[in-house]
Amino acid sequence: MEAALIGFPLKPSLLNPFPRGFTSSPPGRRDLRKLAAVAPKNSILVPKDHLDDGVGRENEKEELSRESYNALIQSHCAKGRLDRSLHLLSRMEAAGMRPSTACYARLVYALGRTGRTLEADAVFREMKWSGHRLTSREYNALLGGFLRKGQLLMADRLLVEMGKEGIDRNRETYLLLLDSYVHSGRLEDTWWVLGEMKEKGFWLDSFVYSKIIRLYRDNGMWKKAMSLVVEMHELGIEPDVRMYNGMIDTFGKYGQLDEAVKIFEKMRSTGLKPDIMTWNALIRWHCKAGDLKHALGFFAKMQEAGLYPDPKIFVNIINQLGERGRWDEMKKLFEGMKYRGLRESGIIYSILVDIYGQYGTFHNAEECVAALKAEGMQVSASIYCVLANAYAQQGLCEQTLRVLQLMEADGIEPNLIMLNLLMNAFGIAGRHFEAMAVFEHIKESGISPDVVTYCTLMKAFMRGKKYEQVPIIYKEMEHAGCTPDRKAREMLHNASIICEQRGNDSS
């Protein structure tokens, strides 16, 4: 097997399978301008002159008071300038001053939001050592960072510490856990969180139920998911748009398209307005079922409502039209989007079509990204994911990796979704050694693999005809606390049959 162009040694376990700088950027290259400016409560209001970058820099050159340090650190956190916040923190401590609890908490929250969890933990420990009285608010700030990064072991240790310190878990704590466990496919852990919330009397709203429905859907338990709707009705909880979206997606995934449309009509009859997720689900599952007529019908109605689909959904439409050779209809779609003023999304979709070979103009990731930027577009993490997925679906591994490298060059760190896409690209190309190397890298980075990660790896070994490895991966998934979904169980079943047949043939 030819070695990958990205320099992977062909081994399933590697200390550093990626080139230097692939997964992490030096502090100066981090683009944190999109950091959410939601701070823990009791944050100090920042003076207006500190919000001006030029004035703020001048003030930093002067001898500052404790209040000024606190205000400046929080101001830089709000704007995503975390390195400057940390620099001010070191200056403040060198001058014999300590930040306020709110300042410490703001910095922990900001570092955790951007995945810099080791630094967030260090600041948290310093805050604790300094004698500040910590509450569940400060612990939740660090817990959220661990969970978003997929560092579940660190999160579990923090929860144990909360218990030892006598700090009660509040509703926000459980919501953070619920979101993480649902995303990771941890069915038993999700049940535990739900049970704890009920036992402690925390209000379960449609937001909580929608997350549980999503997990049931992913585990093939769509009938049980629908039973939650009855439970909600008994509790007097009215389904919101998120809840209806979950039900539509659940019915669609299991081929119950008529039921999905009925739920959609019921949703509109209650006066709720479908959002982008509603339309995306209807289009995606009708495309998957080969019902292109209804998919295009929903696409047209969505545009009439002033919305346009996620690029990932449009990839489904491209596939359906492309397989049927109906490129003229695609051009009409573009024209319709232009008439409705959706120029920006039209550019994205046009380039996606180029990737799929209609015009043959853009053959590599650099050209695609350059074309988007030339049109004045801000290439976000979601767009990078779409481009990576477009290449991955064709098994173009080097181009998928190049998208990740371009993403990092723009200061956006690749996340678990992107790494799963890269693993999928290697799997489609039949390069299971490299897929395994990506998997090992995910674990060594401190990120907890989710159900998608394990299924993608199992699929890579199935394609590589290494069927004996599939049960091993399946057992590791269960050991890690991830509940196997229907797809994983089917692959395990098929691999076991093939292994058994091989054993009989050899005997």
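The values are calculated or read from the model by the stated rules, or taken from the named source; none is laboratory data. Because the structure is predicted, anything quoted here is derived from the model rather than measured. Positions of Cβ are backbone-derived with ideal geometry, glycine not excepted, and every protein chain shown enters the neighbour counts. Heads up: the accessible areas ignore ligands, DNA and RNA and are worked out on the full protein's heavy atoms, side chains in. Shrake-Rupley method; radii C 1.70, N 1.55, O 1.52, S 1.80 Å.
What is the one condition in (1) open to solvent by less than 10 Å² (accessible area, probe 1.4 Å); (2) under 21 Å from H76 (Cα atoms); (3) among the hydroxyl-bearing types (S, T, Y) that T114 does not satisfy?
Every listed condition holds for T114 apart from (1).
Please go through (1) open to solvent by 30 Å² or more (accessible area, probe 1.4 Å); (2) assigned to a helix (DSSP H, G or I); (3) farther than 27 Å from R214 by Cα for E440 and return the number of the only condition it doesn't satisfy.
(1)
Quick one: how many residues across the range 376-389 are hydrophobic (A, V, I, L, M, F, W, C) and either closer than 19 Å to E434 by Cα or open to solvent by 30 Å² or more (accessible area, probe 1.4 Å) (or both)?
Residues in the range 376-389 being hydrophobic (A, V, I, L, M, F, W, C) and either closer than 19 Å to E434 by Cα or open to solvent by 30 Å² or more (accessible area, probe 1.4 Å) (or both): 2 in total.
Can you go through I473, I447 and tell me which one is modelled with pLDDT of 90 or more, more than 14 Å from C397 (Cα to Cα) and within 24 Å of the chain's Cα centre (by Cα)?
I473
Taking the residues in the range 301-336 that are at pLDDT 75 or above and open to solvent by 40 Å² or more (accessible area, probe 1.4 Å) as candidates, determine which candidate is nearest to L421 (Cα to Cα).
Ranking the qualifying residues of the range 301-336, first place goes to L307.
Exactly one of these conditions fails for G115: (1) part of a helix (DSSP H, G or I); (2) in contact with a helix residue (DSSP H, G or I) (Cβ under 6 Å, 6 or more places away or on another chain). Give me its number.
(1)
Out of all the residues in the range 148-158, which are open to solvent by 20 Å² or more (accessible area, probe 1.4 Å) and assigned to a helix (DSSP H, G or I)?
Of everything in the range 148-158, those that are open to solvent by 20 Å² or more (accessible area, probe 1.4 Å) and assigned to a helix (DSSP H, G or I) turn out to be R148, K149, L153, M154, D156, R157.
Which condition does E476 not pass, out of (1) over 19 Å from A390 (Cβ atoms); (2) in contact (Cβ under 8 Å) with a residue 24 or more places away in the chain; (3) of a type in the set (D, E), if it passes all the others?
Failed condition: (2).
Looking at (1) modelled with pLDDT of 90 or more; (2) part of a loop (DSSP other than H, G, I, E, B); (3) of a type in the set (G, A, S), find the lone condition where A120 falls short.
Here A120 clears every test but (2).
Where residues in the range 394-405 are open to solvent by 30 Å² or more (accessible area, probe 1.4 Å) and of a type outside the set (D, E), which of them is nearest to the chain's Cα centre (by Cα)?
Looking at the filtered set, the residue picked out is Q405.
Those residues that are touching a residue at least 60 places away in the same chain (Cβ under 8 Å), part of a helix (DSSP H, G or I) and either open to solvent by less than 70 Å² (accessible area, probe 1.4 Å) or of a type in the set (A, V, I, L, M, F, W, C) (or both), I need them from the range 159-195; list them, please.
Answer for the range 159-195, where residues must be touching a residue at least 60 places away in the same chain (Cβ under 8 Å), part of a helix (DSSP H, G or I) and either open to solvent by less than 70 Å² (accessible area, probe 1.4 Å) or of a type in the set (A, V, I, L, M, F, W, C) (or both): S184, L187, D189.
State all residues of the range 443-458 that are out of contact with any helix residue (DSSP H, G or I) (no Cβ under 8 Å at 6 or more places or on another chain) and either in a helix (DSSP H, G or I) or among the basic types (K, R) (or both); if no residue qualifies, say none.
K443, E444
Considering only the range 79-103, state which residues are touching a helix residue (DSSP H, G or I) at 6+ places or on another chain (Cβ under 8 Å) and part of a helix (DSSP H, G or I).
Residues satisfying the conditions are L82, D83, R84, S85, L86, L88, L89, R91, M92, T101, A102, C103.
I need the full set of residues from the range 267-280 which are part of a helix (DSSP H, G or I), modelled with pLDDT under 90 and either touching a helix residue (DSSP H, G or I) at 6+ places or on another chain (Cβ under 8 Å) or within 18 Å of L307 (Cα to Cα) (or both), in order please.
Residues satisfying the conditions are M267, R268, I276, M277, N280.
Within the range 406-421, which residues are open to solvent by less than 30 Å² (accessible area, probe 1.4 Å) and under 19 Å from R116 (Cα atoms)?
Hits for the range 406-421 are M407, E408, G411, P414, L416, M418, L419.
Restricting to the range 470-495, name every residue that is among the charged types (D, E, K, R) and more than 24 Å from T250 (Cα to Cα).
K475, E476
Being of a type in the set (S, T, Y), open to solvent by 50 Å² or more (accessible area, probe 1.4 Å) and not in a helix (DSSP H, G or I) is the filter here, so list the residues in the range 459-507 that pass it.
S507
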